[in-house]
1. Report, largest value first, the span of the C-alpha coordinates of the stretch 103-198 along each principal axis, in whole Å.
2. Over the chain, with a single point scatterer placed on each C-alpha, what log10 of the ratio I(q)/I(0) does the Debye formula yield at q = 0.10, 0.11 1/Å?
3. Identify which of V359, V140, V31 has the largest mean-square fluctuation in a Gaussian network model of the chain, with springs joining Cα atoms closer than 10 Å.
4. State log₁₀ I(q)/I(0) for the stretch 287-430 at q = 0.20 Å⁻¹ as given by the Debye formula over alpha-carbon point scatterers of equal weight, solvent excluded.
5. How many percent of Cα pairs in the stretch 340-385 exceed 14 Å?
6. Assign one of three labels to the stretch 364-430, namely rounded, prolate or oblate, based on the Cα gyration tensor with a ≥ b ≥ c the square roots of its eigenvalues; rounded applies when a/c is under 1.5, prolate when it is not and a/b is larger than b/c, and oblate otherwise.
7. Taking the chain as the reference, fit the longest principal axis to its C-alpha atoms, fit the long axis of helix 76-89 to the helix C-alpha atoms, and give the angle between the two in degrees, 0 to 90, nearest 10.
8. Could you work out the relative contact order of the chain, using alpha carbon pairs under 8 angstrom and six or more residues apart, expressed as a whole percent?
Amino acid sequence: MPTLVIVGAQWGDEAKGKLVDVLGSQANLVVRFAGGNNAGHTVIAKGKEFKFHLIPAGILHKNTKALLGSGMVVCPKGLLEEWDRTLAQQSELGELIISSAAHVVFPYHRMLDSLEEEARGDNKIGTTTRGIGPAYQDKVARIGIRMSEFVDKIRFPIRLKAVLEVKNSYLAQFGKEPLSYDDVLAEYSAYADRIRPFVRDTEPMVAEAVEAGEKVLLEGAQGTFLDLDSGTYPYVTSSHPVAGGACLGTGIGPRHIDSVLGVCKTYTTRVGGGPFPTELDNELGDHIRTIGKEFGTTTGRGRRIGWLDLVALRHACRLNSLSGLVVTRLDILSNFETIQVAVKYRLDGAEIDYVPSDVDVLSRVEPVYQELPGWEGDLRSARKVEDLPREARAYLDFMAEFTKTPVAIISVGPDREETIIANENLIWGE
Ligand code: GDP
Ligand code: IMO
Ligand code: MG
């Protein structure tokens, strides 16, 4: 029963997309389990760059089924644009399937996302304004419209009418004109006509694949510290990017998860507001942003940069019960004389070795760094651990030892090929 979960072990953009593409070639089924088009997953293959926001990154393998799981919130317009764009880039793709239980993102969600952000003033979360929070709010309030209703020609107009009344009264509180029922219905009915053939009850299908011993890969979005419960609340997303979310968002029970890989960079990035203990808000941070081309895949915003935070990474290993680490962007840390890693925090004069859950407390901690030797050279042609400089290997060993989690895969460049499998046995948990 090889079922593998891939999660982000930091604040997102760790290169989950690249990993899902690399391992997706071995998988029968790839299921995205959380979030919506707030995600931006990049794959570089055969000289082409693909950017996925909703479609699982496994879609590029023609024998793979790519599912949008029940834990997702799906913008139909965004999905269709992405599908058309991907088909134009590569004509042969895997099979696209959408869970009938996934929720639909409507224009009022996007409007409310921006309006609510505006109203937060100085306390902005820095959301992607894709309507993700408001769509999950409707899900929890039990007024969301799911895919099964969306593609039902009889039920959709009735449900939309009822929900739009509620949403228009909320928009009026922000001084906004009501959305026209006829316009939204006409536009979204056209999307529903195109999406209908892809919508299915996916849980039985996933269960059968698991029972048949097929390779099932569960693709996470965002990252551990953006999790609604485990992240730096309220500077989080509205879903569950942690490994537990993979069960919730696909319908697989926890006993059927065989392996969990956590993707992390050799340093740290974050987009949006919220505490970031190892942040380098200085020239060094600017330098890493430039050489690492650290700009958001979805919004184009410059990512905040910091040294590797091992206190946080160890916490992520525990929260996700990681089987192994996937360490990315080792190439970017080349040519630094020394590299700092946070091994403790200082809080009010005392040292602590855990991540406080309250953001006010977390924003007061100061990292305690350990200095490690850097290395030189272009690592992008390395294909085996032995090809790496000794200091780079020592850096990876330090990460593994500190977090008590072995390194399974190392990424030395954005391309599919720029990958080192360090420990094959950790991947599918077989
Ligand atoms: P995701 O959201 O976790 O899938 O990550 P993103 O795609 O948003 O951001 C990762 C970025 O890093 C993309 O531009 C990738 O092409 C790039 N990338 C992935 N792995 C590596 C690597 O090992 N080295 C370098 N330099 N870039 C990488
Ligand atoms: P991938 O899958 C990085 C961040 C936003 C903001 C917070 C809430 O590409 O790693 P939201 O729009 O979700 O309500 O925004 O979460 N965020 C991400 N940051 N990578 C992502 O996805 C993100 N998805 C959301 O910047 O701080
Ligand atoms: Mg991303």
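1. Cα spread of the stretch 103-198 along its principal axes, largest to smallest: 44, 26, 22 Å.
2. -0.68, -0.82
3. Most flexible of the set in this elastic network: V140.
4. -1.39
5. Everything past 14 Å amounts to 62 percent.
6. Oblate, since a/c reaches 1.5 and b/c is not below a/b.
7. Approximately 60 degrees, to the nearest ten.
8. This gives 21 percent for the chain.
Laboratory data are not the source of any read-out in this text; all were calculated from the coordinates shown. Only a predicted model underlies this, so the values are computations on that prediction, with no experimental measurement involved.
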